[in-house]
Amino acid sequence: YFYKKGYEYKEKALEYFQMAVELAPNYAEAYASMGETYLQLGGLNRMSSIESTAKARMAANKAISLNENEPRAHKVLAFIHLFDDWDWEATRREYNKAVEHGLGEQNDFITYYHIFLHGDYEKAISVSKQMIETDPLHVDNYWQLGLCYYFARRFEDALASFNKALELDANYSACHHWKGVVLGYLGKFDEAMLSLEKAMEITGGETFIELDLIIQNILKGEKVEALKKIESLEFIDEMEVA
């Protein structure tokens, strides 16, 4: 329930998954769901990407050690292989295992699979639309469709999807964030800043949103201002030290 409500509820979902494995240590599906949640928390910057990926990988491997046929666990590993390991063959292998063991075609990862491994935006958009038809009140489905449109550079369509998601959950920070991004690419900079600032307000500040605020400066031609903001970001200093 909480996992489906949007990013702001993912931490609550994680609490319940953790309680589940405490009560039932051999509950493979709960470990797999923990893995998915850790990835979501990393994506929202509620947890560092290094920590979230490591914990997601451990949870997925634990699930598979309990049940080799747990599809969600293989999906989590496919995601990690794609976005963190950059291992395309391992991505295909794990995703194929997920499908083999029962993962339905209407899942969030398949859109990334088609976009990043095959450059097939239309297929990704088609799958996302099917997900909405199946579950029209799931806010994440509209956010997912919006992302597919964004990667296909269909910004007007992306904007419509993010607005629909916000009708379902007005405090969905990720939709405010990505709405701001597409508004910037549409040249609607004042509206873009309002959306990004709303996302910052809801989350208390996210590094990824700060980066997109910088992109707005670049799109507006304010390169000096963008450079000042880049130099002020704490994680830039940390990367230089590393």
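The values are calculated or read from the model by the stated rules, or taken from the named source; none is laboratory data. Note that this is a predicted model, so its numbers are computed, not measured. Neighbour counts are summed over all protein chains in view; Cβ atoms, including those assigned to glycine, are modelled from backbone coordinates with ideal geometry. We work out accessible area using only protein heavy atoms, side chains counted, and drop any ligands, DNA or RNA first. Shrake-Rupley method; radii C 1.70, N 1.55, O 1.52, S 1.80 Å.
Less than 16 Å apart at the alpha-carbon level, and either on another chain or at least 8 residues along: which lysines does that give for LYS164? Correct list for LYS164: LYS4, LYS5, LYS129, LYS179.
In a simple Cβ point-charge model (Lys, Arg +1; Asp, Glu -1; nothing else charged), the chain has a dipole of about 400 debye relative to its Cα centre.
Give me the number: length gained by fully extending ASN26 to HIS101, i.e. 0.36 nm times residue separation minus the C-alpha to C-alpha distance, one decimal in nm.
Full extension from ASN26 to HIS101 adds 25.2 nm.
Between LYS129, LYS164, LYS228, the residue with the greatest mean-square fluctuation in the GNM of the chain (Cα pairs under 10 Å linked by springs) is LYS228.
Applying 0.36 nm per residue to the separation of ALA90 and GLU15 and subtracting their alpha-carbon distance, the gain on full extension is 24.0 nm.
Evaluating 6.51 cos²θ - 1.76 cosθ + 1.60 at θ = phi - 60° for every residue in region 120-137, the Karplus couplings come out as 9, 5, 5, 5, 4, 5, 4, 5, 4, 5, 5, 4, 5, 4, 6, 9, x, 10 Hz, glycine and proline recorded as x. Normalised by the number of residues in the chain, the average gap of Cα pairs under 8 Å and 6 or more apart makes the relative contact order 11 percent.
Ligands, DNA and RNA are left out, and with a 1.4 angstrom probe the accessible area of region 1-59 is 52 Å² per residue.
Bridging of LYS62 to lysines at a Cα separation below 20 Å is possible for LYS75, LYS97, once same-chain residues fewer than 8 apart are set aside. When the chain is described by a simple charge dipole with +1 on each Lys and Arg Cβ and -1 on each Asp and Glu Cβ, the residue from ILE132, ALA30, ALA20 located farthest towards its positive end is ILE132. Share of carbon and sulfur in the accessible area of region 34-142 stands at 51%, probe radius 1.4 Å. Within the shell of other residues whose beta carbon sits under 13 angstrom from the beta carbon of GLU51, the net charge comes to +2, with Lys and Arg scored +1 and Asp and Glu -1.
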